[in-house]
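Here's the structure we're looking at; comments come further down.
Bear in mind that the values in this text are calculations on the coordinates, not laboratory data. The structure displayed is predicted, hence computed values, not measured ones. Heads up, the Cβs are rebuilt from the backbone with ideal geometry, glycines too, and the neighbour counts pull from every protein chain shown.
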Amino acid sequence: MRFMKTIEKKGDVLHAVEQILNGYLEMNKHRKTPERYAILKAVYSMEKHFTLEELGAKLSEDYKFPVSRATLYNTLNLFMELRLVIRHRFQGSTKYEACYEGESHCHQICTVCGKVTEIKSPEITKAIDLMHLKRFRKDGYTLYIYGICSVCQAAITRQKRTKTNKNT
Ligand SMILES: [Zn+2]
Ligand SMILES: [Zn+2]
């Protein structure tokens, strides 16, 4: 399964997630509104982490398909239920991210500037794969590592240096 995922192309992923949405809408006898499919397509074309506003802008500018904020919000909630999207609460902002089949996520977050970088960690993935959980079937994980990025570290060091220079 892991291997399959790496060879899947973007178009295949979109097709697969559309099938998931199709299945859900049919099973629950919901209407297959074009909005839902347009939003799904936009979500899967976004760069990594995005806000509700950025997604709205993409839909109205690139897709010429403006959608109200409420519709966007409700649709993203539905996608989260279907595990097609995950929501992050990064420092001071809420961001969304497409996630197909519980793909695992490891983020490092700078507590000074708030910069978020996605990292790959085969060690952590392996450790979690090997973890035994009681009465629970895991399908993915999200990990946040907090710290200070190199840019902020350099700025802090510079500040300290000018301070000590002034004092001497
Ligand atoms: Zn930083
Ligand atoms: Zn992410």
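Structural remarks
- Between His107 and Ile119, Leu143, Tyr144, Ile145, the built amide H atoms are under 5 Å apart, and every one of these is 5 or more places off in sequence or on another chain.
- In Hz, Karplus ³J(HN,Hα) per residue of the stretch 93-98 (6.51, -1.76, 1.60; θ = phi - 60°; x = Gly, Pro): 8, 9, 10, 10, 8, 5
- Compared with the dominant principal axis of the Cα atoms in the chain, helix 69-81 is inclined by about 90°.
- Structural descriptor for the stretch 48-168: relative contact order 20 percent, calculated from alpha carbon pairs under 8 angstrom and at least 6 residues apart.
- The stretch 62-133 shape via C-alpha gyration tensor axes, a/c threshold 1.5: oblate
- A simple count of charges around Glu26, restricted to other residues whose Cβ falls under 13 Å of its Cβ and scoring Lys, Arg +1 and Asp, Glu -1, yields +3.
- Angle between the chain longest axis and helix 10-27 axis [Cα atoms, degrees, rounded to 10]: 50 degrees
- Residue-averaged [θ]222 nm for the chain, counting only DSSP H segments that reach four residues, each worth -39500 (n - 2.57): -15500 deg cm²/dmol
- Here the Karplus relation 6.51 cos²θ - 1.76 cosθ + 1.60, evaluated at θ = phi - 60°, turns the backbone of the stretch 127-142 into coupling constants of 4, 6, 4, 7, 5, 9, 10, 7, 6, 7, 9, 8, 10, x, 8, 10 Hz, with x for every Gly and Pro.
- Using a Förster distance of 41 Å, the FRET efficiency for Lys29-Asp129 (Cβ separation, nearest 0.05): 0.65
- Cα gyration tensor, the chain - rounded (a/c under 1.5), prolate or oblate: oblate
- As a rough guide to protection, the peptides 126-133, 41-48 ranked by mean Cβ packing within 10 Å, highest first, stand as 41-48, 126-133.
- Helix axis angle, 34-43 relative to the chain longest principal axis, alpha carbon, degrees: 30 degrees
- For Val151, the shell of other residues with beta-carbons less than 13 Å away shows a net charge of +2, using +1 for Lys and Arg and -1 for Asp and Glu.
- Each Lys or Arg adds one and each Asp or Glu subtracts one; over the other residues with Cβ under 10 Å from the Cβ of Thr75, this totals 0.
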